[in-house]
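Read through the structure below, which is laid out as C-alpha cells, and then see the notes.
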Amino acid sequence: MTIHRRRLLKNGSLALAGLTFLNQGLFADPLPVKSGFRLPGSVIKLSANENPYGPSPAARAAMLEAVTHSNRYPWDVTTKLREKIAAHFGLAKEYILIGAGSSEILGLVAQHAASLKGNAVAADPTFGIWWNAAEKSGLKIHKVALDAQKKHDLAAMLAAINNETKLVYVCNPNNPTGTVLAPAAVKSFIEEVSRKTLVLLDEAYVEYSDLPSMAAMVANNKNLVIAKTFSKIYGMAGARIGYAIAHPETIRELNAYQPWANAGASAVSLAGALACFGDEAFLSSVKQKNREALSLVYQTMKELNIAHCPTSTNFLYYSAKEFKGDLPGALQNEQILAGRIVEEKEKWTRISIGTMDEMKIYTAALRKLWKTV
Ligand SMILES: Cc1ncc(COP(=O)(O)O)c(C=O)c1O
C-alpha cells in the first residue's frame, strides 16, 4: 500500500468515526432503515425533500480529501466549478454565481428587487422561504393562487404584474405541489415578462423531472435568473451549495449583494459539487430509485382513495381531508417526520419520497391511520 493511500484510508476512517459521533449527537437525522427494520426511537425524515441516498461516491471521496485542504481559500475550485457548470449549459463562467445553497441565490435576487422598490409576483402555495426577508427589505409580495390542477396560473400572474413589479418568481417543478408547467409555456412566459421586469426561475427539482433547463435563455436576456442547487437530486443539502445562472451583467448586480462574491460555499462543498456535477449515472440511479419508491406511494394513495397531485419530483402533495385530526402529529407518533398542512381547507400536505424501505413504513402508517377514518 502506498503511503498516500494509507494516509487517505486513515483520514477516511477518522472522518467516518467523526460521522458516527455526529450521527449520534449533532444531527437529529434519521438512523438508516434497512429492509423495513429500524432501531427503536429512530425517526424517518420525510419533511425536507432531501435525497435519502446521500452524495455520490465521487462527491464523498472529494469532500473527505478537501477537509485536509480547508486551511486554504478554494478560489481555484470555485473557478473550476463555475467553468464546469457553465460548459454544461453552453455558457462561460461569467454566467454562473455560486451561493451557499440556492436559497442564498433566491435571497440575493429578492434583495436586488427590493432595492428597486415595488412588488414581487409569486404563486401561492410555492417555495416562499425568501418572502419574509424580502418583505423586511420593503418588497411587497403579490400572491397569485395556483389553478385547479395546482399549477402556476400564468395568465393570472401576468395580469397581476403592474408598473411597480420588480420580480416575478416561478418555481418549476413547483414546491410543495410537485406540478410542472410545459417548457413552451414557461419559455413564452419568460419572454413576455422579462420585457417588463426580472424573472426568477427556480429549477431546484428539474433534474427529477423530464423538463429541460431554461439555462440557454440567459444568453441574451438580462432579466432572467435561474436558481439551481446541489441540495436535491445531488444529495448535498447539508453541504449548502447552489448557483445562479444569469447574464454576466445581472450576475455582477447580484454579486454586489454578497459580502464576498462567490465565497459563501466551503472548500469541502465545492470539491463535492465539482466531483459530482453532471454525473449522469448517479443522477439516473437516484431518479430511478425515487420513481420506484414513489410508485408504492401512488399505489397506496389510490387504494385509500387519497386525492393527490401527480408529481415530477421527490415529493408528493396530497389531501388529508378524510383524516380527522392532526395528520403530521399522527405520523410523528409513528416516528415519521412529514410536511405540515399547507392548505387548511382540504388539508393539503406534502410528503418527501425516501427510500423504498422508508416508504414501506410510511405507507403502512397511512393504511393504519386511514383505517380509523
Ligand atoms: C423550490 C426550492 N428552491 C430552493 C430550495 C433551497 O434549497 P437550498 O438552499 O438547499 O439549495 C428549496 C429547498 O427545499 C426548494 O424546495
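The values are calculated or read from the model by the stated rules, or taken from the named source; none is laboratory data. Fair warning: this is a prediction, and the values are worked out from it, not measured in the lab. Counting neighbours? That spans all protein chains shown, and the Cβs are built from the backbone with ideal geometry, glycine included. Heavy atoms of the whole protein, side chains included, go into the accessibility calculation; ligands, DNA and RNA do not. Shrake-Rupley method; radii C 1.70, N 1.55, O 1.52, S 1.80 Å.
Please find, within the range 348-365, the residue that is farthest from the chain's Cα centre (by Cα) out of those that are open to solvent by less than 20 Å² (accessible area, probe 1.4 Å) and among the β-branched types (Val, Ile, Thr).
Within the range 348-365, the match that is farthest from the chain's Cα centre (by Cα) is Thr363.
Does Ala66 fit the bill of being open to solvent by less than 80 Å² (accessible area, probe 1.4 Å) and away from the ligand (no atom under 16 Å from the Cβ)?
Answer is yes for this residue.
Just a yes or no: is a residue in the range 219-234 more than 24 Å from Ala122 (Cβ to Cβ) and surrounded by fewer than 22 Cβ atoms within 10 Å (Cβ to Cβ)?
yes
How many residues does the range 84-106 contain that are small (Gly, Ala, Ser), over 15 Å from His247 (Cβ atoms) and in contact (Cβ under 8 Å) with a residue 60 or more places away in the chain?
Number satisfying all stated conditions: 5.
Going through the range 116-126 one residue at a time, which ones are more than 9 Å from the ligand (Cβ to nearest atom) and touching a residue at least 40 places away in the same chain (Cβ under 8 Å)?
Those that are more than 9 Å from the ligand (Cβ to nearest atom) and touching a residue at least 40 places away in the same chain (Cβ under 8 Å): Leu116, Lys117, Gly118, Asn119, Ala120, Val121, Ala122, Ala123, Pro125.
Matching residues to (1) part of a loop (DSSP other than H, G, I, E, B); (2) touching a residue at least 40 places away in the same chain (Cβ under 8 Å):
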residue	(1), (2)
Arg82	no, yes
Leu108	no, yes
Ala114	no, yes
Gly128	yes, no
Ala159	no, no
Gly178	yes, yes
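Would you pick out the residues in the range 80-107 that are within 16 Å of the ligand (Cβ to nearest atom), open to solvent by less than 20 Å² (accessible area, probe 1.4 Å) and hydrophobic (A, V, I, L, M, F, W, C)?
Result: Leu81, Ile85, Ile96, Leu97, Ile98, Ile105, Leu106.
Return only the number of the condition from (1) in a helix (DSSP H, G or I); (2) open to solvent by 40 Å² or more (accessible area, probe 1.4 Å); (3) under 14 Å from Ala239 (Cβ atoms) that Val77 does not satisfy.
(2)
Quick one: which of Ala263, Ala184, Ala237 is within 26 Å of Leu294 (Cβ to Cβ) and within 22 Å of the chain's Cα centre (by Cα)?
Going through Ala263, Ala184, Ala237 in turn, just one is within 26 Å of Leu294 (Cβ to Cβ) and within 22 Å of the chain's Cα centre (by Cα): Ala237.
Could you pull out the residue among Val186, Val225, Val199, Val218 that is in contact with a strand residue (DSSP E or B) (Cβ under 9 Å, 6 or more places away or on another chain), in a strand (DSSP E or B) and more than 17 Å from Lys143 (Cα to Cα)?
Details: Val186 fails: in a strand (DSSP E or B); Val199 fails: more than 17 Å from Lys143 (Cα to Cα); Val218 fails: in a strand (DSSP E or B).
It is Val225.
Scan the range 130-142 for residues that are more than 18 Å from Asn162 (Cα to Cα) and part of a strand (DSSP E or B) and jot them down.
Those that are more than 18 Å from Asn162 (Cα to Cα) and part of a strand (DSSP E or B): none in the range 130-142.
Kindly establish whether Arg252 is away from the ligand (no atom under 16 Å from the Cβ), over 29 Å from Val193 (Cβ atoms) and either in a helix (DSSP H, G or I) or open to solvent by 20 Å² or more (accessible area, probe 1.4 Å) (or both).
So Arg252 does not fit the description; no.
Hey, among Val199, Val121, which residue is under 24 Å from the mean Cα position of the chain (by Cα) and closer than 18 Å to Ala244 by Cβ?
After applying the criteria, what remains is Val199.
Here is a yes/no grid of residues against (1) more than 16 Å from the ligand (Cβ to nearest atom); (2) β-branched (Val, Ile, Thr):
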site	(1), (2)
Asn175	no, no
Leu181	no, no
Ala184	yes, no
Ser188	yes, no
Tyr208	no, no
Ser213	no, no
Val218	yes, yes
Lys222	yes, no
Val225	no, yes
